[in-house]
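The values are calculated or read from the model by the stated rules, or taken from the named source; none is laboratory data. Please read all numbers here as calculations on a predicted model, not as lab measurements. Here the Cβ positions follow ideal geometry from the backbone for every residue, glycine too, while neighbour counts run over all protein chains shown.
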Amino acid sequence: MRVTYFGHSTFLVEIAGQRLVFDPFLRDNPHGSVDPAAVPCDYVLCSHAHDDHIADALNLAKLHGATIVAPYELANHFAQHGAKTLDLMPGGGVDLSWGRIQMTPAVHSSALELPKGENRAMGLAAGYVVRADGKSLYHAGDTALFGDMKLIGRHGLDLALIPIGDFYTMGPADAVEALNLLRPKLAVPMHYNTFPPIRQDPQVFAARAAAAGFEVRVMRAAEVLEI
């Protein structure tokens, strides 16, 4: 499994011959602008409808023929704009020829951010567990700490991607508690230092996690991780 971080909550995961982009925020990402044309992919997994998690989803789908995976209402929105979609709901999943994508709960909101300050509700927020090629990955999406993370990790996780920014999601202290429930082999922090309210020092989180017995890898934008 090869993981490339683009900053915020955006990752490219290459696994079992497939390329999966999570929460695509590429062209306008403050951590570094990336042209969606330069990120070929097979699937685009969107955790919820906020713009910093779906900004380039349709572009990726149209440029590369990728399938967008999203909660039901958001998937329908993308389908109405001509994208191929998989519409899941938390707890549900799909077995594919190369592996399995399962949608998990997340404690957050989900709405399209429209002009003039209008928000259009888009159902539930979610996270994802992907299992393929003997590897397992959890992308938590935007979420608070919740007890059922223990169930999400019950079959073992090679990698957990978890928010630490506070304000809109769990902060560093709760993220360490999340690791206590998930028990991943490795964790990577995300959703921090993109906007002023979510300023955090990821090294402080890594040190707290290490003191609790967990390995954390702090990734820079464009950095690649092999697992």
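Taken as a whole, the structure places Gly65 among residues that are farther than 25 Å from Leu159 by Cα, among the small types (Gly, Ala, Ser) and at pLDDT 95 or above.
The set of residues in segment 139-168 being among the basic types (Lys, Arg) and part of a loop (DSSP other than H, G, I, E, B) consists of Arg154 alone. Can you find even one residue in segment 47-56 that is within 26 Å of Thr194 (Cβ to Cβ), more than 17 Å from the chain's Cα centre (by Cα) and touching a residue at least 12 places away in the same chain (Cβ under 8 Å)? No, segment 47-56 has no match at all. Restricting the search to segment 97-128, which residues are in contact (Cβ under 8 Å) with a residue 24 or more places away in the chain and in a loop (DSSP other than H, G, I, E, B)? Selection gives Trp98, Gly99, Ala106, Val107, His108, Ser109, Ser110, Met122, Gly123, Leu124, Ala125.
Does segment 1-40 hold any residues that are polar (S, T, N, Q) and either farther than 16 Å from Glu226 by Cα or touching a helix residue (DSSP H, G or I) at 6+ places or on another chain (Cβ under 7 Å) (or both), and which are they?
Applying the first criterion (polar (S, T, N, Q)) to segment 1-40 yields 4, 9-10, 18, 29, 33.
Selection gives Ser9, Thr10, Asn29, Ser33.
Restricting attention to segment 1-47, the residues that are buried (at least 22 other Cβ atoms within 10 Å of the Cβ) and of a type in the set (S, T, N, Q) add up to 3. Against the conditions (1) within 22 Å of Ser33 (Cα to Cα); (2) more than 18 Å from the chain's Cα centre (by Cα), Gly147 satisfies every one except (1). The set of residues from segment 110-126 being over 20 Å from Gly147 (Cβ atoms) and crowded, with 16+ Cβ neighbours inside 10 Å comprises Ser110, Ala111, Leu112, Met122, Gly123. Total residues in segment 1-49 satisfying the condition of being part of a strand (DSSP E or B), within 18 Å of Met219 (Cβ to Cβ) and of a type in the set (Val, Ile, Thr): the figure is 5.
To keep it simple, each residue is scored yes or no on (1) in contact with a Phe, Trp or Tyr (Cβ under 8 Å, 6 or more places away or on another chain); (2) of a type in the set (D, E, K, R); (3) in a helix (DSSP H, G or I).
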| site | (1), (2), (3) |
| --- | --- |
| Arg131 | no, yes, no |
| Met170 | no, no, no |
| Asp174 | no, yes, yes |
| Leu179 | yes, no, yes |
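Scanning segment 65-88 for residues that are over 28 Å from Tyr192 (Cβ atoms) and outside any strand (DSSP E or B) returns Gly65, Tyr72, Asn76, Ala79, Gln80, His81, Gly82, Ala83. Residues in segment 200-227 that are assigned to a helix (DSSP H, G or I) and among the charged types (D, E, K, R): 1 in all.
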